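Chemist: This is the structure, below, for whatever I ask next.
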Amino acid sequence: MELASGVDALYLSGHGYLSMGFLARLEEHRLWADRVSMAVPFELGPLTFGLAPHGWGKYRYCLDHESGRIGFTSSRRLPALRIQPRAEFLQARGPGGTVTHFEELLGPLVENLAFSVARIDLFCDLEHLEFCVEDRPGFVCRANACTTYEADRVCTGFAFGSRRTQHISARLYDKTAEMEVKGTDWWEAVWAERHLVGQRVWRIEFEIGRSALSDLELSRPDDVLTAVPSLWRYCASEWLTLRRPTVDSNRSRWPLDERWRAVQSASLVHGATELRFIRGHKRAQTLRRLIPALVGYLVGFAVVSGTSRIDDTLDALATQLRNDEAIRRIPFSQRVEKRRADGGYR
């Protein structure tokens with residue numbers, strides 16, 4: 001039986017410009033935190049965060065609050081800020097409400113603020129289902145890596161794929177055992193009366209990173225959240241399944257394990273569409289915006305270059321692009337790959 005499903009983590013990158021005055025205030029408080037070797041209060045709008053005497057990865061300024069963690073940087077090579085909402089806050093506000101909260105909090109402080117999703121985790125909590133070490137051969141996954149976890153000779157979970165790729169990875173684990181270790185028993189309030197106290201709860205969790213989202217041309221929070229049902233269906237039906245092994249050498253043809261049908265039919269799958277359709281729709285939408293401007297520029301280029309036909313104009317353009325490569329000392333392909341890594345056309 002399903003107890004809960006939805007978004008368990010939503011990591012955001014914030015693009016925009018931080019004023020020199022705001023950066024100076026951050027630096028002043030960071031030096032204060034360094035001197036006292038502890039977090040110091042820092043006002044962000046109506047809220048008071050704790051600014052730590054250490055950074056957060058590549059971000060020099062690390063601010064914590066019960067709503068989440070925010071990192072700021074003055075580097076132009078990185079997004080101006082990154083946000084990791086706390087799981088409790090995300091469950092209370094919902095993913096859309098969480099994005100709105102940080103938009104309203106940071107919008108007045110960051111010029112031209114725009115969010116993109118760096119990572120989203122989807123989950124489903126199930127009761128009255130059990131998994132064991134003997135299930136390992138039945139998992140069919142697009143990733144090669146699989147790790148089995150045990151405690152006192154009892155299976156506590158599996159991990160699939162590598163988080164380092166920032167693509168897709170998955171975990172199937174005993175959520176009740178993890179709660180005992182981490183002290184996150186507030187999940188029982190989320191499950192409410194649906195949960196039978198003392199019954200083990202298994203969680204299937206898919207972590208979808210920036211690389212996978214980029215492949216699907218998903219970046220803006222509203223686009224990513226709209227695609228959640230489709231992401232779940234892809235992850236639970238194509239990327240990872242649990243099957244009953246047979247003599248068939250093609251593992252994808254093995255019959256689906258009945259337990260996995262509960263995973264595939266999680267309530268958050270309602271409204272799913274094919275991800276290929278999503279990709280194609282977004283690509284067509286982008287092309288509709290690009291083509292009119294591109295044709296206008298090419299007509300102007302043809303006039304200056306003395307060409308009139310499409311073939312001649314494109315040949316002349318190719319020559320100009322190669323000249324531009326030589327001047328910039330940056331291959332055109334490298335610029336394309338960088339733009340693609342940054343999230344495509346903006």
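Chemist: Considering the chain as a Gaussian network with a 10 Å cut-off on Cα pairs, which listed residue, E180, E205, E103, attains the greatest mean-square fluctuation?
Modeler: Ranking E180, E205, E103 by mean-square fluctuation puts E180 first.
Chemist: Continuing with this model, one more query. How much net charge surrounds E2 when only other residues with a Cβ under 13 Å from its Cβ are counted (Lys, Arg +1; Asp, Glu -1)?
Modeler: On the way: positive: K175, R194, R203, R259, R261; negative: D125, E127.
For residues surrounding E2, the net value is +3.
Chemist: Moving on to the next point. What FRET efficiency, computed as 1/(1 + (r/R0)^6) with R0 = 22 Å and r the Cβ-Cβ distance, is obtained for L129 and V154, rounded to the nearest 0.05? Present the calculation step by step, with values, prior to reporting the outcome.
Modeler: Numbers: r = 15 Å, r/R0 = 0.69.
The calculated FRET efficiency here is 0.90.
Chemist: While we're here: Which whole-Hz ³J(HN,Hα) couplings does segment 193-201 yield from phi under the Karplus relation 6.51 cos²θ - 1.76 cosθ + 1.60, θ = phi - 60°, glycine and proline marked x?
Modeler: 3J(HN,Hα) across segment 193-201, in whole Hz: 6, 5, 8, 8, 4, x, 7, 5, 10.
Chemist: Moving on to the next point. Stretch V336-S267 to full length: gain in nm at 0.36 nm per residue minus the Cα-Cα span?
Modeler: Values: separation 69, 0.36 × 69 = 24.84 nm, distance 3.89 nm.
Full-extension gain reported as 21.0 nm.
Chemist: Which loop GluC sites (Glu not before Pro) in segment 129-159, with loop taken from DSSP, have no more than 15 other Cβ atoms within 10 angstrom of their Cβ?
Modeler: When the GluC sites (Glu not before Pro) of segment 129-159 are filtered for loop state and at most 15 Cβ neighbours within 10 Å, E130 remain.
Chemist: First select every other residue whose beta carbon is under 14 angstrom from the beta carbon of N323; then total the charges, Lys and Arg +1, Asp and Glu -1. The partial results should precede the final answer.
Modeler: Working: positive: R322, R328, R329; negative: D315, D324, E325.
Local net charge: 0.
Chemist: Which of the chymotrypsin sites (Phe, Trp or Tyr not before Pro) found in segment 198-249 are in a DSSP loop and have at most 12 neighbouring Cβ atoms, other than their own, within 10 Å?
Modeler: Counting only loop positions with at most 12 other Cβ atoms within 10 Å, none of the chymotrypsin sites (Phe, Trp or Tyr not before Pro) in segment 198-249 qualifies.
Chemist: Sticking with this structure for a sec: Mind ranking 25-34, 303-312, 161-170 by how tightly packed they are, going by the mean number of other C-beta atoms within 10 angstrom, highest first?
Modeler: Put in order of decreasing packing, that is 161-170, 25-34, 303-312.
Chemist: Using R₀ = 22 Å, calculate the FRET efficiency as 1/(1 + (r/R₀)^6) where r is the Cβ-Cβ separation of D34 and R76; round to 0.05. Please report the intermediate quantities before stating the final value.
Modeler: Numbers: r = 24 Å, r/R0 = 1.09.
Result of the calculation: an efficiency of 0.35.
Chemist: Please state the shape class of segment 284-341: rounded when a/c is under 1.5, otherwise prolate if a/b exceeds b/c and oblate if not, all from the C-alpha gyration tensor.
Modeler: oblate
Chemist: Please state the charge dipole magnitude for the chain, taken about the Cα centre, from unit charges on C-beta atoms (+1 on K and R, -1 on D and E), reported in debye and rounded to the nearest 20.
Modeler: Charge dipole, the chain, about its Cα centre: 1400 debye, nearest 20.
Chemist: Here's another thing I want to ask about it. What net charge is computed for the residues neighbouring E205, neighbours being all others with C-beta under 11 Å from the C-beta of E205, Lys and Arg scored +1, Asp and Glu -1?
Modeler: Cβ neighbours under 11 Å give a net charge of -2.
Chemist: Between S308 and R86, what length comes free when the chain is fully extended (0.36 nm per residue of separation minus the Cα-Cα distance, one decimal in nm)?
Modeler: Net length gain for the segment: 74.0 nm.
All of the numbers you see were taken from the coordinates with simple rules; none came from a lab. Remember, predicted model here, so these are calculated numbers, not experimental data. Neighbour counts are summed over all protein chains in view; Cβ atoms, including those assigned to glycine, are modelled from backbone coordinates with ideal geometry.
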